Each structure stands twice: as structure tokens, then as C-alpha cells.
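Novice: Sharing a structure, written as C-alpha cells. Questions coming.
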Amino acid sequence: MTANPFRPPKAGLSSEESPAFWQVYAFAAVPLLLSLGLLVASIIGNWHWWSERLFETDLLLSITSRRVIEVLPACVAVLLYVQWQRERYAIVRYPSIALLLTAFSLLYGAGVLGLAGAVWYGVRVSMLPVSLLGDDLLPLIALMPLWPILRFARSRAERYRSAEELATPGMQVELAVALCVTAILVKVLEYFFILQLQHYNGYGQLFVGVLCGAVVWAASRRYLAARVSRFPVRRILLCAMVIVLLCGSVAALCSWGVWQLLIDSGNNRLMEWVLPATAIGLLLLHWPVTRLCLRWCFPAEAPAQSSPR
């Protein structure tokens, strides 16, 4: 049977219609889901202890938030790496995605258990670097098995046919910047409270990080062009670090100023509106700083006002 000559040619597969993007986020979700799964398994395994404390909201929120803070950098590292691999080898979608995710989950889980054993041994024999780094090695633990898995899968992956189809939606870059800001900020807050020997509950730091990341994402929405030529991992990381550095520096100065105001005035009621106003101001500061950093780090991409989505 001959082909219909009047049938229009099939259009090339666009990256927005491709399942490649949900595959990227599926890989990035593996560390988070596995960590929460291990937490549930730990609760079930120690039910005799948890049965009396399961409804202690503060305890459960604190442990869950700490787990999320621990694995968030690993999730972001996986996201950036898979996206970079997808672009470098012009991959539309990976085949047998369920098998790849299962293999990654098993290998990453084995790495997490090995890291936990190394930290436990380091604490017992006073190997301070191993016991202190611990969770900070999770991004490396996640990337080590991911490299051979993607290398094996890319030989059978479906490829793009042209460079135009490979262009990345600007929304993906904007979201990556916001996720990087959140991951960096929650780790900075974690280190700050640990070094200050203050109580570290986790959910407060996670709430601040997610809230600031949401403001960054809202500020960057529709700022870049609808489609950018590539997914610039280095510039995404640079933009996120500059945002955290600038906003963190202003936050440190404001904290010092509020502290001096409290000492000089001695009026505790004054702090009832100074502290909330300062916190809201620092949160809103992320908006202009984000726009400024996007202009610095992505000068080649025209703002979305000149290229609407």
C-alpha cells in the first residue's frame, strides 16, 4: 500500500512534547523518595519506640525535614547531570525508563547504606572528616551509579534529528535556578545553626529555603526567552550562588543592624514589627536580585518580553 501523497509530512518531535523532561525529574526524585522510604521503614522497624511518639508533630516534622535537607543537593545534582547528558547527546527519551530508575534506586540505596556504615565506623574510630562530611557526600553517591546507567542507556536512546528541536524551554532553566537556590540556602542555614551550636529542627530552615526558592522562581518566570539554545549548567550554578551570596550578605547586615537597634533602644515591643518587616523585606529582596543575576549570567538570552511564550 502506497503512502498518501496528500498527507502532510510528520513534524519533528519538539522537546516540549518529549517525555525526556519528565524522565529527568523522575531521576531527580529517586534520592528523595528513597530517603523518605527509608524513614518509613525505620519507623516500622522501631515501632515499639515510635508508637508512643508518632503523633508528636514537632519530632516527626523535624526528622522528615532533615531528611529532605540531606538529599536535596543530591536531587539537584541528579537533575543537572541528567539534563546535561540529555542535551549533550541529543536524547529525546531513554528506553526502558522503569528498568533504569530501578537500577539507579538499587545502586544509590547501596551507596547510601555504605556511606552510613562508613560514617558509623568513622565515629567509632574518631575519623573526623568521614563523620563530619557524611550527608555532604550524597550528591557524589548519587552521580557515581548514574554515570554508567546513562552511558549504557544512551546507545539505545531516541535522538533528536536537528539542533532546533534540541532547544531547551526557558522555563526549565528558570526552575533549575530556583531549585539550586533552595538547595544551597538550606545547606547554608544548616551549617549556620550547627556552627552556632543552636537548636536545629530542620523544618524552619526548609520552610525558609523553599519560600526563597519560590520567590526566585516567580521572579524568573517568563524572564528568559521561550526557548534557549542550551541548558547551561555552569551559569545556572553561578547564578544561584550569586543570588544566595548577595541576599545572604544583605541579611547579615540587616541582622547586625536589628541587633544593634535592640541593644540601643531596649524596647522589646519595637521588635514586634521590626523583625517581621525585616524578614519580609529580605524575602522580597530576592526578586530584584534574581532579575539582576539573570541579566548578568544569561546575557545572550533575550528577556521574554521581546519573545513571549
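Novice: Quick one: accessible area per residue over segment 166-262, 1.4 Å probe, rounded to a whole number of Å²?
Specialist: On the way: 4660 Å² over 97 residues.
I get 48 Å² per residue for segment 166-262.
Novice: Please list the non-local residues whose amide H lies under 5 Å from the amide H of residue 158, H modeled 1.01 Å from N, same-chain partners needing a gap of 5 or more.
Specialist: 92, 93
Novice: Near the amide H of residue 221, under 5 Å away, which other amide H atoms are found, from residues 5 or more places off or on another chain, if H is placed in the peptide plane?
Specialist: Hits under the 5 Å cutoff: none.
Novice: From the phi angles alone, apply the Karplus equation (6.51, -1.76, 1.60; θ = phi - 60°) to segment 238-251 and give each ³J(HN,Hα) in whole Hz, x where the residue is Gly or Pro.
Specialist: 4, 4, 5, 5, 5, 4, 5, 5, 5, 5, x, 5, 5, 5
Novice: While we're looking at this one, here's another question. Just to check I understand the Karplus step: with θ = phi - 60° and J = 6.51 cos²θ - 1.76 cosθ + 1.60, what whole-Hz values come out for segment 80-89, glycine and proline as x?
Specialist: My calculation for segment 80-89 gives 5, 5, 5, 5, 5, 5, 4, 6, 4, 9 Hz in order.
Novice: At 7 Å along Cα-to-Cβ for each site, give me the label-to-label distance between residue 60 and residue 273 in nm.
Specialist: 3.9
Novice: Taking amide H positions as placed 1.01 Å from N in the peptide plane, with prolines and chain starts having none, which residues 5 or more places from residue 228, or on another chain, fall under 5 Å of its amide H?
Specialist: Under 5 Å from the amide H of residue 228: 168, 170.
Novice: Could you derive backbone 3J(HN,Hα) for segment 252-257 from the dihedral phi with the Karplus parameters 6.51, -1.76 and 1.60 (θ = phi - 60°), listing whole Hz in sequence and x where the residue is Gly or Pro?
Specialist: 5, 5, 5, 5, 5, x
The values are calculated or read from the model by the stated rules, or taken from the named source; none is laboratory data. What you are looking at is a predicted structure, and each value in this text was computed from that prediction instead of being measured. For neighbour counting, all protein chains shown are included, and Cβ atoms are generated from backbone atoms with ideal geometry for every residue, glycine included. For accessibility, only protein heavy atoms count, side chains too; no ligands or nucleic acids. Shrake-Rupley method; radii C 1.70, N 1.55, O 1.52, S 1.80 Å.
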